[in-house]
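The values are calculated or read from the model by the stated rules, or taken from the named source; none is laboratory data. All figures in this text were calculated on a predicted structure; none of them were measured in a lab. No Cβ is skipped: glycine too gets one built from the backbone with ideal geometry, and neighbour counts run over all protein chains shown.
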Amino acid sequence: MTAMAEKNGPSGGNSANGGWEAAATVLEMRDVHAAYHGDISILNGLSLSVKENRITGIIGPNGAGKSTALKTMYGFLKPSRGSIVLGDEDISGRPPYDMMARGVTFVPQNRSLFNELTVEDNLRLGCWHFRRDKGKVEAALERVFGQFPILAERRDTLAGSLSGGQQRFVELGRALVVEPKIILLDEPTAMIAPRISREIYDFIEALPESGITVVLVDQNVRQCVNVSDMVYILDLGRNRGEGTKEKFSHDDHLKEMVAEWLDYQID
Amino acid sequence: MLSEVLVWNAIIGGIVFGVVYALIGCSLNVLAGVLRVINFAHGEFIIAGSFFAYALYTGLAIHPLLALPLCAVVFFVAGRGLYYLLVPRLAHSDEPETSSFLLMFGVSLMLVAIMTWIFEADIRPFNFSFEPINVTLYKVENAYGEGRHGRVLVPTARLVALAVNAVIIVGLTWFFYRTLPGKALRAATMNREAVQIVGINIHQLSSTAFGLATALAGITGVILALVVPSIDPNGGADFTLIGFIVIVLGGLGHPVGALFAGIIFGFVEQFSNLLLPQAAAQMVGFIILVAVIFVRPTGLFGKGVSK
């Protein structure tokens with residue numbers, strides 16, 4: 001962690017659940033280094049903590065390694081150094097299907113739907129892990145259709161023919177159909193109309209109340225800081241700062257850093 | 001003027017060989033779509049299937065139709081084993097698709113060598129026939145002049161091959177469009193990363209695809225053994241080439257497109273043989289291949305494959 005880290009700040013977006021410090025750590029990256037192709041290293045000693053039923057935000061300039069951090073957490077990349085700990089188990093390099101089995105799901109920045117399958121088939125494939133339990137699959141589908149009524153209306157529509165916002169709801173629904181403990185969200189509102197973005201942020205903000213821990217990567221600094229209990233700033237695959245929403249509004253150094261790197265002025 | 005008998009024979013040949021080619025294209029497409037592997041050894045797997053039926057019939061007197069399910073099981077298991085032996089290593093390559101091409105070319109050479117070693121280099125006639133040998137499909141009056149009638153005769157083996165192929169194609173369509181594992185395989189052709197995101201073990205799915213494609217190649221070989229006069233250990237390259245033409249025509253990564261493309265190519269091949277000199281007829285397949293690549297690179301039914 002960097003010297004700027006402040007561990008005792010007040011909670012941000014989900015203070016109703018108790019402070020950041022009061023919550024148990026459920027996922028940790030410890031000095032993680034990771035690369036896509038051999039020697040092109042993207043993460044260079046990243047450390048961060050994800051706490052139970054809290055929203056952990058990750059911001060940083062383009063190329064900082066935010067998306068790579070999530071992909072490494074989800075097992076798409078194997079750390080070359082350091083470790084990733086889920087609960088009290090080192091899960092570094094475990095493949096995505098293993099992460100899913102442990103209650104972690106992932107919604108990537110790029111569209112991840114199967115365009116030539118229907119909305120319902122996309123959601124059914126999300127139930128792959130427990131596909132042989134027909135009753136559980138049907139119950140899970142109905143639960144998601146209850147959460148996203150628009151998907152119930154479009155259940156027989158090909159996913160590729162939906163609007164961008166509706167496609168994002170399918171991806172969120174598919175991630176939630178397994179009742180995850182932790183959801184990793186990469187730019188959930190990228191290329192989405194502002195009205196739908198607000199709906200998505202409201203939805204994300206309510207997830208901890210349902211017992212779901214959120215890790216949120218976002219270019220939208222204002223929204224990310226607003227909804228997150230703790231925000232980590234990344235640059236060149238390293239920690240450059242961290243703090244709660246309140247710390248962000250009081251710490252001049254953090255404000256300057258964000259203003260300089262992200263071209264965004266925190267009020 | 002063309003004889004009506006010859007035209008009918010070309011139509012029937014087009015359908016029979018068309019569905020065989022459809023099966024070849026479909027299995028190649030499963031591999032190309034799910035694994036991003038262009039299987040240069042596919043033709044040799046087909047020939048291996050023919051020899052499998054030949055060995056069972058000549059050695060153990062097992063009927064070729066009984067050899068079909070045996071072949072499917074043996075080739076499926078062998079395909080899965082070969083996947084785990086070879087394909088995951090490609091992930092370490094900087095150019096996995098090029099490496100896969102070279103790797104499968106090596107496998108094709110190895111298979112030819114093994115088949116030549118076991119069965120020797122001579123072509124082998126498969127001395128099996130159904131009773132009756134031919135079925136009269138259609139009588140043509142005045143086919144060869146006034147008062148000289150002709151008959152459209154179809155070898156029973158071709159009708160059996162057509163029926164078996166039709167059952168397999170219906171089964172495959174049901175599998176791909178009605179079952180969750182089939183949809184998962186189609187999903188992998190649409191977005192391989194997303195398949196992993198939903199918690200599917202990509203190696204299990206890929207090995208299933210490899211096993212399925214190998215089993216289909218083996219089955220195709222058994223069916224071909226019924227309709228071609230002999231089996232040649234070096235004949236696999238012709239079928240690989242036909243498979244490539246079919247998947248280019250139908251669209252890479254589009255199994256159903258391959259079904260239609262196979263039948264189209266079957267008709268084109270048969271009518272080329274009927275209407276053109278032999279040397280020119282052999283060029284038609286290449287002309288189609290080049291023309292489709294230039295005019296519609298995604299094929300007649302393809303929309304492109306996402307990485």
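Worth pointing out:
- Evaluated against (1) under 30 Å from A:W128 (Cβ atoms); (2) touching a strand residue (DSSP E or B) at 6+ places or on another chain (Cβ under 6 Å), B:I231 falls short on exactly one condition, (1).
- Looking only at residues in the range B:197-207 that are closer than 14 Å to A:L123 by Cα and out of contact with any strand residue (DSSP E or B) (no Cβ under 7 Å at 6 or more places or on another chain), the one that is nearest to the other protein chains (Cβ to nearest Cβ) is B:G199.
- Scope the range B:120-154; condition within 16 Å of B:V222 (Cα to Cα), not basic (K, R) and not in a loop (DSSP other than H, G, I, E, B); matching residues: B:P125
- B:V170 vs. criteria among the aliphatic types (A, V, I, L, M) and assigned to a helix (DSSP H, G or I): yes
- Of the residues making up the range A:83-96, those that are within 14 Å of chain B (Cβ to nearest Cβ) and either more than 17 Å from the chain's Cα centre (by Cα) or modelled with pLDDT under 95 (or both) are A:G93, A:R94, A:P95.
- Residues of the range B:255-289 classified as of a type outside the set (A, V, I, L, M, F, W, C) and at pLDDT below 85, total: 5
- Within the range B:156-190, the set of residues being within 14 Å of chain A (Cβ to nearest Cβ), of a type outside the set (G, A, S) and buried (at least 20 other Cβ atoms within 10 Å of the Cβ) comprises B:K183, B:L185, B:R186, B:T189, B:M190.
- Assessment of the range B:117-131 against the conditions (at pLDDT 90 or above, closer than 26 Å to B:A213 by Cα and surrounded by fewer than 17 Cβ atoms within 10 Å (Cβ to Cβ)) yields at least one matching residue.
- Test: residue in the range B:74-93 that is within 14 Å of chain A (Cβ to nearest Cβ), of a type outside the set (S, T, N, Q) and touching a residue at least 40 places away in the same chain (Cβ under 8 Å): yes
- Single residue of the range A:131-162 satisfying the filter (in a loop (DSSP other than H, G, I, E, B) and surrounded by 13 or more Cβ atoms within 10 Å (Cβ to Cβ)) that is nearest to the other protein chains (Cβ to nearest Cβ): A:R131
- Out of B:T214, B:T298, one residue alone is in a helix (DSSP H, G or I) and touching a residue at least 40 places away in the same chain (Cβ under 8 Å). It is B:T214.
- Near pairs, Cβ below 6 angstrom, 6+ apart or cross-chain, from the range B:269-289 (hydroxyl-bearing (S, T, Y)) to any residue that is in a helix (DSSP H, G or I): B:S272/B:A281; B:S272/B:V284
- Note on the range A:180-209: residues that are among the charged types (D, E, K, R), assigned to a loop (DSSP other than H, G, I, E, B) and within 12 Å of chain B (Cβ to nearest Cβ) total 0.
- The lone exception for B:R80 - which of (1) buried (at least 19 other Cβ atoms within 10 Å of the Cβ); (2) in contact with a Lys or Arg (Cβ under 8 Å, 6 or more places away or on another chain) it fails: (2)
- Test for A:S80: is it closer than 26 Å to B:S93 by Cβ and either among the β-branched types (V, I, T) or away from chain B (no Cβ under 14 Å) (or both): yes
- Condition check for B:I242: of a type in the set (V, I, T) and assigned to a helix (DSSP H, G or I): yes
- Any chance A:V177 is within 24 Å of the chain's Cα centre (by Cα), away from chain B (no Cβ under 12 Å) and at pLDDT 95 or above: no
- Selection count, the range A:100-128, where residues are more than 7 Å from every other protein chain (Cβ to nearest Cβ) and either among the basic types (K, R) or on the phi > 0 side of the Ramachandran plot (or both): 3
One line per residue, one yes/no per condition, for (1) assigned to a helix (DSSP H, G or I); (2) within 30 Å of B:E131 (Cβ to Cβ):
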position	(1), (2)
B:V16	yes, yes
B:L31	yes, no
B:V37	no, no
B:F45	yes, no
B:F51	yes, yes
B:G79	yes, no
B:L86	yes, no
B:S100	yes, no
B:M104	yes, no
